[in-house]
Amino acid sequence: MSMNKWRVLPLTIADQQQHIDCSEMLLKTIEPGYPATLYWSIAEPEGLVLGFSQKEEVLNQEVVVQQQIPIYHRRAGGTAVLVGPHLLSLDVVLPADHPLILVDIVKSYQWFGEAWVETLEHLGIEARLVLPQEAREQRMLLKQPETQVREELLRRACYGSISPYEVVVGQRKVVGLDMIRRKVGSVLQAGVLLHWETGTLAKLLGRAREEQALLEEGLLERAVGLDRLAGHTINATDVITTFEEVVFSMDKVG
């Protein structure tokens, strides 16, 4: 797919609600034949975004008030994501007739995950895709008495579990994915961990000290930031440039 089939918006650093509204507006106004649109964003100030069906009851309200953390609700599924300077987000907005939208919803993530694996490879990080079977096996831990409580707790956070075609290094998630699908088109969303610090998230999602301790430890096992993997800070601009080079050179999809 050549570059003229992509419309690229510059990186926007703003309040997370602005990003949610912009993504919604891009999807609402897209029409058949439009190019795929890349919308890059970083949230400022730091905030917590809950998944579409996730209720605020999962939060430790005392910590929310103490830390004055704004709470947002996204239109995609999944669970809580802490947004801020540590997380680079990308929305790919596709019109309904776009070849990258497949009938099989899960399979629609595959090209996106593959592009991220290749991007990280160019940045010196050896990553891999989560295959559907691996994601299913982790979900089975929810049904086993000895792992159920821990899994339910970790799944309050997006980076506490894996889904098909997300991107991991070893067993730890680096790029989380989700999707909004409407009649007019789809938005594929990626969140790339530039840095992974679990303290704030554990406090927000743990209603008791024991839960907070378990979350802090468990989330470190489940996800990792690019800085830790590379041994140095990888800035958002480098990630953006590399990803765009990868997708612009994809000729297998158009």
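Go through the range 20-126 and name the GluC sites (Glu not before Pro) that are in a DSSP coil and have 15 or fewer other Cβ atoms within 10 Å of their Cβ.
Details: sites: Glu24, Glu46, Glu56, Glu57, Glu62, Glu114, Glu118, Glu121, Glu126; in loops: Glu46, Glu126.
Passing sites in the range 20-126 are Glu126.
For Lys55, the lysines whose Cα falls under 25 Å of its own Cα, not counting residues fewer than eight places away in the same chain, are Lys143, Lys173, Lys203.
In this Cβ point-charge picture (+1 for Lys and Arg, -1 for Asp and Glu), the chain has a dipole of about 660 debye about its Cα centre. Residue-wise HN-Hα couplings along the range 105-113, as the Karplus relation 6.51 cos²θ - 1.76 cosθ + 1.60 with θ = phi - 60° gives them from phi, are 4, 4, 5, 4, 7, 4, 4, 5, x Hz; Gly and Pro carry x. For the range 89-210, the per residue solvent-accessible surface stands at 44 Å², with DNA, RNA and ligands left out and a 1.4 Å probe.
Using a probe radius of 1.4 angstrom, the carbon and sulfur fraction of the accessible surface of the range 57-129 is 54%.
If I stretch the segment between His232 and Lys55 completely, what's the gain in nm (0.36 nm per residue apart, minus their alpha carbon distance), one decimal?
Working: separation 177, 0.36 × 177 = 63.72 nm, distance 3.64 nm.
Gain on extension, His232 to Lys55, equals 60.1 nm.
Ordering 193-200, 69-76, 156-163 by mean Cβ neighbour count within 10 Å, with the highest value first, yields 156-163, 193-200, 69-76.
With a 1.4 Å probe and all protein chains left in place, how much of the accessible area of the range 141-222 comes from carbon and sulfur atoms, in whole percent?
About 52 percent, which is the carbon plus sulfur part of the accessible surface.
For chymotrypsin sites (Phe, Trp or Tyr not before Pro), no site in the range 1-40 is both called loop by DSSP and has at most 16 other Cβ atoms within 10 Å.
The values are calculated or read from the model by the stated rules, or taken from the named source; none is laboratory data. For clarity, every value in this text was computed on a predicted model and none was experimentally measured. When we count neighbours, we look across all protein chains shown, and the Cβ atoms used for this are built from the backbone with ideal geometry, even at glycine. For accessibility, only protein heavy atoms count, side chains too; no ligands or nucleic acids. Shrake-Rupley method; radii C 1.70, N 1.55, O 1.52, S 1.80 Å.
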